[in-house]
Amino acid sequence: MKYIRFAAALSLVFIMLFAAVACTGAEAAAEPDPGDVVNIPEPTHTQAQTGPMASATPANTDEQPEVTPSEPQSPEPAQTPDDGLPYYLYVEKGSFTLTIYEKDEQGEYTKVLAAYRIAHGGNKTPAGTYTLGGEKARERWHDFPDGGTVQYATRYEGRLYIHSPLYATSDPTQMWPKYYNGEKGIGLESTGGCLRMVTEAAKFIYENCPEGTTLKIVNGSPLGTTSDDVPSRNGLRIDPTDYETLKAKG
């Protein structure tokens, strides 16, 4: 009986020893030997890449890319046809200046012929684009209902005219000084809406700017036009730019 128990115990010891050896061998087999590691190459992608890092090289193709024809160049602007209107009138109320433009080689009104100081009526002289003409478009002498008369009146809107300084009568030696260089003189807001200027300027427009000529009036002085003060009248009641009258009176 004792022998049987001893043999059983001995067998149990051998079984446990064998199991421990087998477990240790299995763990050793699970760790690979560094010398046995094989480098496996990255797989080659056959699909084209997309996104911001995609290759910019296009796939080979026998088709040529479609070419979009370029837009035709715009031609040079054509010359303005000769419409018989040689001048363009431009008034900046802020600088009390009327500028007379004539056409350049391309037929555009870009060349300054002359600039004159004017009087206007402030808000009574509305900004806008007008054309010379209409009923009683030109009057050698024009009488105002409230008194006074002017030379070389050219109508541009309603009862509004471009004209000379004011006179007591239709006599160019009877100019009212206050409407020339006095308290209601040229260079001030001193009209009922008309554009008053020296006789030289009024006469030029009267004789050389036919009906249909454009007159543009703007508030302020966006182009910065300027003009000289009116010439001194030297105590006379004759406009010093009225050369015909000065010559006739010696």
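Residues checked against (1) open to solvent by less than 20 Å² (accessible area, probe 1.4 Å); (2) over 15 Å from Thr213 (Cα atoms); (3) assigned to a strand (DSSP E or B):
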position: Tyr88; (1), (2), (3): no, no, yes
position: Glu105; (1), (2), (3): no, yes, no
position: Lys111; (1), (2), (3): no, yes, yes
position: Asn123; (1), (2), (3): no, yes, no
position: Tyr152; (1), (2), (3): yes, yes, yes
position: Thr173; (1), (2), (3): no, yes, no
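Can you list residue pairs whose Cβ atoms sit under 6 Å apart, with the first residue in segment 147-172 being farther than 15 Å from Ser190 by Cα and the second being charged (D, E, K, R) and in a loop (DSSP other than H, G, I, E, B)? Count only pairs 6 or more apart in sequence or on different chains.
Pro172/Asp242
Please list, ordered by first then second residue, the pairs with beta carbon atoms under 6 Å, 6 or more apart or interchain, first in segment 219-231 and farther than 16 Å from Val112 by Cα, second part of a loop (DSSP other than H, G, I, E, B) and β-branched (Val, Ile, Thr).
Val230/Ile186; Val230/Val198
Glu92 versus (1) of a type in the set (Asp, Glu); (2) open to solvent by 50 Å² or more (accessible area, probe 1.4 Å); (3) under 25 Å from the mean Cα position of the chain (by Cα); (4) within 23 Å of Ile217 (Cβ to Cβ): which is the lone unmet condition?
(2)
Using the structure shown, decide if Lys249 is at pLDDT below 95 and on the phi < 0 side of the Ramachandran plot.
yes
Within the bounds of segment 178-193, is there any residue that is hydroxyl-bearing (Ser, Thr, Tyr) and open to solvent by 40 Å² or more (accessible area, probe 1.4 Å)? It would help to see each step written out before you state the result.
Residues of segment 178-193 that are hydroxyl-bearing (Ser, Thr, Tyr), as a first pass: 179-180, 190-191.
If we keep only those that are open to solvent by 40 Å² or more (accessible area, probe 1.4 Å) as well, we get none.
No; the residues of segment 178-193 include none that is hydroxyl-bearing (Ser, Thr, Tyr) and open to solvent by 40 Å² or more (accessible area, probe 1.4 Å).
Can you name the residue in segment 240-250 that is in contact with a Pro (Cβ under 6 Å, 6 or more places away or on another chain) and open to solvent by less than 20 Å² (accessible area, probe 1.4 Å) and, of all such residues, is nearest to Val198 (Cα to Cα)? Break it down into steps so the answer makes sense when it comes.
Restricting attention to segment 240-250, the residues satisfying the condition of being in contact with a Pro (Cβ under 6 Å, 6 or more places away or on another chain) are 240, 242, 245.
Filter once more, so that each one left must be open to solvent by less than 20 Å² (accessible area, probe 1.4 Å): 242, 245.
Values: Asp242: 8, Thr245: 13 Å.
Filtering segment 240-250 for residues that are in contact with a Pro (Cβ under 6 Å, 6 or more places away or on another chain) and open to solvent by less than 20 Å² (accessible area, probe 1.4 Å), the one nearest to Val198 (Cα to Cα) comes out as Asp242.
Name, by its number, the condition in (1) modelled with pLDDT under 95; (2) surrounded by 14 or more Cβ atoms within 10 Å (Cβ to Cβ); (3) of a type in the set (Lys, Arg) that does not hold for Arg117.
Of (1) modelled with pLDDT under 95; (2) surrounded by 14 or more Cβ atoms within 10 Å (Cβ to Cβ); (3) of a type in the set (Lys, Arg), only one is false for Arg117: (1).
Residue under question is Ala127, and the condition is that it be of a type in the set (A, V, I, L, M, F, W, C) and modelled with pLDDT under 95; does it hold? Please lay out each step first, then the result.
Details: of a type in the set (A, V, I, L, M, F, W, C): yes; modelled with pLDDT under 95: no.
Considered against the rule, which asks whether it is of a type in the set (A, V, I, L, M, F, W, C) and modelled with pLDDT under 95, Ala127 comes out as no.
Would you pick out the residues in segment 225-236 that are open to solvent by 90 Å² or more (accessible area, probe 1.4 Å) and over 18 Å from Thr97 (Cβ atoms)? Break it down stepwise before answering.
Our first condition is that a residue be open to solvent by 90 Å² or more (accessible area, probe 1.4 Å); within segment 225-236, this holds for 226, 228-229, 234.
Correct list: Asn234 only.
Yes or no: Gly187 part of a loop (DSSP other than H, G, I, E, B) and in contact with a Lys or Arg (Cβ under 8 Å, 6 or more places away or on another chain)?
Working: part of a loop (DSSP other than H, G, I, E, B): yes; in contact with a Lys or Arg (Cβ under 8 Å, 6 or more places away or on another chain): yes.
Yes: the conditions hold for Gly187.
Could you tell me which residue of segment 154-165 is farthest from Gly193 (Cα to Cα), considering only residues that are open to solvent by less than 20 Å² (accessible area, probe 1.4 Å) and assigned to a strand (DSSP E or B)? Please lay out each step first, then the result.
Of all residues in segment 154-165, those open to solvent by less than 20 Å² (accessible area, probe 1.4 Å) come to 154, 156, 161-165.
Subsequent filtering for residues that are assigned to a strand (DSSP E or B) retains 154, 156, 161-163.
Numbers: Thr154: 13, Tyr156: 11, Tyr161: 8, Ile162: 10, His163: 11 Å.
Among those residues, the one meeting the criterion is Thr154.
How many of the residues making up segment 125-150 are under 21 Å from Thr213 (Cα atoms), open to solvent by less than 40 Å² (accessible area, probe 1.4 Å) and of a type in the set (Ser, Thr, Tyr)?
The number of residues fulfilling the criteria is 2.
The values are calculated or read from the model by the stated rules, or taken from the named source; none is laboratory data. This is a predicted model, so every value here is computed, not measured. Using ideal geometry, Cβ is built from the backbone for each residue, glycine included, and neighbour counts are taken over all protein chains shown. Note: accessible area is taken over every heavy atom of the protein model, side chains too, but ligands, DNA and RNA are not part of it. Shrake-Rupley method; radii C 1.70, N 1.55, O 1.52, S 1.80 Å.
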